[in-house]
1. Put +1 on the Cβ of every Lys and Arg and -1 on every Asp and Glu Cβ in the chain; which of 181, 71, 132 then has its Cα farthest towards the positive end of the dipole?
2. If the reach is capped at under 16 angstrom between alpha carbons, list the aspartates and glutamates near residue 193, excluding any in the same chain fewer than eight residues apart.
3. Under unit Cβ charges (Lys, Arg +1; Asp, Glu -1), what dipole magnitude, rounded to 20 debye, does the chain have relative to its Cα centre?
4. For residue 110, list long-range residues whose amide hydrogen, built 1.01 Å from N in the peptide plane, is under 5 Å from its own amide hydrogen.
5. 222 nm [θ] for the chain, helices only, -39500 (n - 2.57) per DSSP H run of 4+, per residue, to 500?
6. Which residue, 308, 325, 33, has the largest displacement toward the positive end of the dipole of the chain when charges sit on each Cβ (Lys, Arg +1; Asp, Glu -1)?
7. Highest GNM mean-square fluctuation, the chain, Cα pairs closer than 10 Å: which of 28, 48, 214?
8. Would you mind checking 153/275; 62/213; 85/108; 102/153 for any pair whose Cα atoms are more than 19 angstrom apart?
Amino acid sequence: MITPPTSFVIPPARSVTDVPPVVEEVLAPEERADLIARIKMLLVEQDAVLVAHYYTSADLQKLAEATGGCVSDSLEMARFGHASKATTLVVAGVRFMGETAKILNPEKRVLMPDIHAECSLDLSCPSEDFSLFCDAHPDREVVVYANTSAAVKARADWMVTSSIAVKVAAYLKSKGKKLIWAPDRYLGDYVQKTTGADMLIWQGSCVVHEKFKAEGIRELKALHPEAAVLVHPEAPANVIDMADMVGSTTQLIRAAADLPNPTLIVATDNGIFHKMRQAAPGKTFLEAPTGGHGATCVSCAHCPWMAMNGLRGLCRVLETGENEINVDETIRAKAVVSINRMLEFAGQAGITVAGRSGD
C-alpha cells in the first residue's frame, strides 16, 4: 500500500461486530415442493423475475434458473433486471444488490426476501464518514467497490466490480490520477500491488473472506497435491499468494471448468459451489479452511446475511409485497453516474462485465 503523508491518518472502518450466525433454511421435501410451486405461480401473477446471487442457496439458484431468472454477480443481476420485461425484480442477495438493481431500474419494483440481509463491507463504510474522507482529499479520484451503499456510490467517481478493478486502477494511474479506494482493504491492497497506483485504502473487510487461513490451505494442499487453489481477491494477501487463480465470482467459476486439475480448493463463499458443480460436474471441490487449529468450524465460508435468503421469505414477499427497496432519487441520479462510467470504460476497452464478471 502507498504510505500516505505522515500528517494524514486513514480513518478506521466501522467495526462490524453484530454479525448474525449462519442459519441455513431447513425444509422437509413436501414443504420445499409446495413452496417452489407456490413461488412459480406468484412470479407469474406478480409479473416478477427472480435474480439470485451466486452465494445464495442452491434452492434459490435452481428456482431462478427454472423460471427464466438470473444467477450471477450483483451487477449482472441489476443489468439482467433492466433487460427483462418483468415489472418486478426479486433480488435474492444482500441489501446493496437490491439498491444497485433499483439504481439501474428506477421504474421497476424491487423486492428482497429479507430486508435485513446486509454486507459487512457496506456496513464498514458509512456514507457520512466516507464523504468526510473524500472531502479531505479532493485531488483524488474516488473508486468504490460494488459492495457499498447507494449513498457511497453517489459520492464516488467510479464503481467497480472485482473483475475490472485492476483495469480501472491501471487506466487511472496512466492518466496520472491518485486514488481513494473503498471499502475492502484486501482487494484494495491486491489492486495497488498489481497496478502500482497511488491509493489511500479504506480499511473494511468481508467477514467471510478475511477468515481464510493460508496455513490451513497449505495443509489441505499437502493432502491434495493435485488440487488447484482458487481465491477471490477479497481474501488476505498471504492467501492470495497461494492461489493458482485469483478472480471474481464468475472468473472462478470459469476457472473451475477450464483448469485441468481434478480437485479444486476454493477460497470464497461456498454458495458458489452450486454453479461450479454445474460447470465442472466431474471435479471435486474443497472449501478452503477458515478456522485455525482447535477451531469448532474447520470452514465457515458462508455469508450469514446471504443465508437469510430462503424459499419461505421469497414466498412471503411475493404474497405481501413487503421488503421493497427504494433509493432517494437525488442519490440514485448520482450513483448511476459512477456505475455507468465503469460500463462505458468496459465497452470502450472491449472488456466484458455483464454476465462474465463481478464481485
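1. Among 181, 71, 132, the one farthest towards the positive end of the dipole of the chain is 181.
2. 184, 234, 241
3. 860
4. Residues meeting the amide H criterion: 89, 325.
5. Mean residue ellipticity at 222 nm (helix-derived): -12000 deg cm²/dmol.
6. Sorting the options by dipole projection puts first 325.
7. Looking only at 28, 48, 214, the largest GNM fluctuation is found for 28.
8. 153/275; 62/213
We did not get these values from a lab; they are worked out from the coordinates using the rules stated. Fair warning: this is a prediction, and the values are worked out from it, not measured in the lab. As a convention, Cβ positions derive from the backbone with ideal geometry for all residues, glycine included, and neighbour counts pool all protein chains shown.
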